[in-house]
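Only one structure is covered here, and it is reproduced in the block below.
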Amino acid sequence: MSFSIAIIGSGPSGFYLAELLNRKLPEPSIDIIERLPTPFGLVRAGVAPDHMGTKNTSRQFEKTLANENIRFQGNLEVGKDIQYEELKAIYDLVIIATGAYQDKTLGLKGDHCDGIYGSAQFTGWYNGHPDHADLSPAIGSSVAIIGNGNVALDIARMLAKSPDELAEADIPVPVREKLRQSHNQLKEIWIIGRRGPAEASFTPYELEELGQLNHATPIVQDQIPEHPDQSIDPREARSKQKNLEILQSFADNVSDKKAVRLNFLFNYSPLQLFSEDGQLQSMELSPGGPATDEQTTRTLPVQTIITAIGYESQAIKGVPFDPDKKIILNSDGKVEQGVYTSGWCKRGPNGVIPANKADAMAVVKQILQDIGDQPKGCGTGPAGLDELIQNRNLRVVRKSDWDRLNRAETERAGAGQSREKFTSVDEMLTYLDSTG
Ligand code: NAP
């Protein structure tokens with residue numbers, strides 16, 4: 001009997017786990033269970049649509065999915081269609097890799113007006129994620145992005161790029177049209193950090209990209225220190241030093257050369273928002289850095305705010321969850337007997353995609369130690385899942401269905417583009433049922 005494994009979540013973490021377990025265990029049966037009908041999580045619907053190299057990571061995951069003993073079970077939500085306790089009874093091993101896809105919120109006075117979006121919503125919208133495809137955000141002439149991470153830079157770049165610069169990006173047609181309209185009126189983008197330039201968490205490659213845009217100029221008015229603080233983690237020192245050099249090079253930019261000004265504003269935190277007839281008009285910021293006499297509150301006229309301040313994982317019914325850290329409760333990846341977790345839902349929303357491979361390796365090592373040399377299959381495994389799906393009459397999207405969706409998206413892509421995504425679950429299922 002082969003060893004059966006359910007991996008919940010089909011993002012990078014889920015695929016790295018599947019790939020590793022398939023190599024390390026003798027002929028395991030692996031089911032990758034996913035809430036959406038499509039695989040690849042953030043690679044499909046979170047990575048910036050103009051970073052095609054990163055998006056192509058999915059090719060590697062397609063190879064993993066091509067293994068006979070690895071199945072994709074899409075459109076199947078744990079906690080709704082199937083329960084965690086049921087999975088534990090069916091499989092020898094359950095691994096949770098559901099990531100972190102809820103926006104953290106600022107909880108500011110006045111934040112219920114139109115024009116305020118979280119980065120999960122906003123990046124989900126421009127990536128055609130079914131949860132956010134209908135967002136249609138109100139993008140004004142002045143947009144503030146809160147946060148100094150790579151997500152903030154991704155959003156700034158997507159807004160600042162002209163339609164020509166986005167020609168090959170993986171963006172659904174309605175989003176493309178909306179971005180084209182907003183680009184015509186966009187004048188200011190503010191990237192606002194609550195700490196200083198040396199503490200920003202973005203990485204040099206992403207920062208440098210902002211200096212290469214055709215129609216936008218990055219502007220820095222703050223004093224940029226020559227070096228990061230001595231107390232900095234040595235593993236981060238090079239990247240932080242490079243950030244400072246790039247920001248210093250932006251300080252020489254002239255603000256009126258291009259249509260859009262990309263203003264970096266450090267050491268300020270949002271304090272309150274002002275709206276008129278339910279539409280955001282401005283934001284008051286409080287100085288957050290080292291107190292100086294000149295620093296007082298500052299008000300920016302902005303019609304749109306996008307918070308890029310990190311994500312939270314969502315609890316799954318029955319799965320131990322840490323409500324403070326908003327991660328699955330675990331000890332080095334172990335949740336309870338036979339259950340493990342990996343990726344952002346295990347450690348929090350940090351690190352680039354390959355960091356999840358390192359995480360998966362550590363968790364797999366732990367699993368192999370726990371199960372010993374001769375793993376024995378006890379659960380009913382894939383057959384048990386099939387039976388349950390059939391009894392409940394669930395419309396699960398399998399690998400062959402995904403292959404058809406993938407092919408259809410590729411075939412309907414516009415000139416120069418890689419795909420035109422289906423952006424609603426209904427649309428996907430209708431396509432599958434009408435062409436199957
Ligand atoms: P992040 O790197 O953790 O950045 C979050 C930012 O939000 C930080 O500047 C943080 O400031 C700020 N923040 C948090 N709470 C705040 C609050 N209440 N008020 C004001 N600011 C607040 O997270 P991320 O940008 O969401 O990215 C997540 C991970 O994905 C990161 O590891 C990132 O590198 C990775 N990623 C990589 C790429 C790429 O490689 N191209 C693209 C996108 C994302 P403090 O530092 O002061 O806490």
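The values are calculated or read from the model by the stated rules, or taken from the named source; none is laboratory data. None of these values were measured; they are calculated from a predicted model. Please note: Cβ atoms are built from the backbone with ideal geometry, for glycine as well, and neighbour counts cover all protein chains shown.
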(request) Report yes if some residue within segment 78-87 is on the phi > 0 side of the Ramachandran plot and in contact with a strand residue (DSSP E or B) (Cβ under 7 Å, 6 or more places away or on another chain); otherwise report no. (result) no
(request) May I ask you to say which residue of K421, K317 is surrounded by 22 or more Cβ atoms within 10 Å (Cβ to Cβ) and either part of a loop (DSSP other than H, G, I, E, B) or at pLDDT below 95 (or both)? (result) K421
(message) For G343, only one of the following conditions fails: (1) on the phi < 0 side of the Ramachandran plot; (2) surrounded by 22 or more Cβ atoms within 10 Å (Cβ to Cβ). What is its number?
(response) (1)
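Residues are listed down the side, and each one gets a yes or a no for (1) part of a strand (DSSP E or B); (2) away from the ligand (no atom under 13 Å from the Cβ); (3) under 25 Å from the mean Cα position of the chain (by Cα); (4) over 20 Å from L265 (Cβ atoms):
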residue	(1), (2), (3), (4)
R180	no, yes, yes, yes
I191	yes, no, yes, no
E206	no, no, yes, no
I224	no, yes, no, no
I232	no, no, no, yes
(message) Quick check on segment 152-170: of everything there that is touching a residue at least 60 places away in the same chain (Cβ under 8 Å) and more than 16 Å from the ligand (Cβ to nearest atom), which residue is surrounded by the most Cβ atoms within 10 Å (Cβ to Cβ)?
(response) L166
(request) Only residues that are in a loop (DSSP other than H, G, I, E, B) and small (G, A, S): list them for segment 135-176, please. (result) S136, A138, G140, S141, G147, G149, S162, A167, A169
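Okay, residues lined up against (1) over 18 Å from K187 (Cβ atoms); (2) within 16 Å of the ligand (Cβ to nearest atom); (3) outside any loop (DSSP other than H, G, I, E, B):
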{"position": "P228", "(1), (2), (3)": "yes, yes, no"}
{"position": "R261", "(1), (2), (3)": "no, no, yes"}
{"position": "S269", "(1), (2), (3)": "yes, yes, yes"}
{"position": "L300", "(1), (2), (3)": "no, yes, yes"}
(request) Being among the hydroxyl-bearing types (S, T, Y) and modelled with pLDDT under 95 narrows it down to one of S182, S255, so name that one. (result) S255
(message) Kindly evaluate P37 against the criterion of being at negative phi and under 15 Å from the mean Cα position of the chain (by Cα).
(response) no
(request) Return yes when D426 is acidic (D, E) and either in contact with a Pro (Cβ under 6 Å, 6 or more places away or on another chain) or touching a residue at least 24 places away in the same chain (Cβ under 8 Å) (or both) and no when it is not. (result) no
(request) Within segment 82-105, track down each residue that is of a type outside the set (S, T, N, Q) and within 16 Å of the ligand (Cβ to nearest atom). (result) A97, G99, A100, Y101, D103, K104
(request) Confirm whether V396 is within 26 Å of D81 (Cα to Cα), surrounded by 12 or more Cβ atoms within 10 Å (Cβ to Cβ), among the aliphatic types (A, V, I, L, M) and out of contact with any helix residue (DSSP H, G or I) (no Cβ under 8 Å at 6 or more places or on another chain). (result) no
(request) Kindly provide the set of residues from segment 320-340 that are within 15 Å of the ligand (Cβ to nearest atom) and surrounded by 15 or more Cβ atoms within 10 Å (Cβ to Cβ), ordered by number. (result) K326, I327
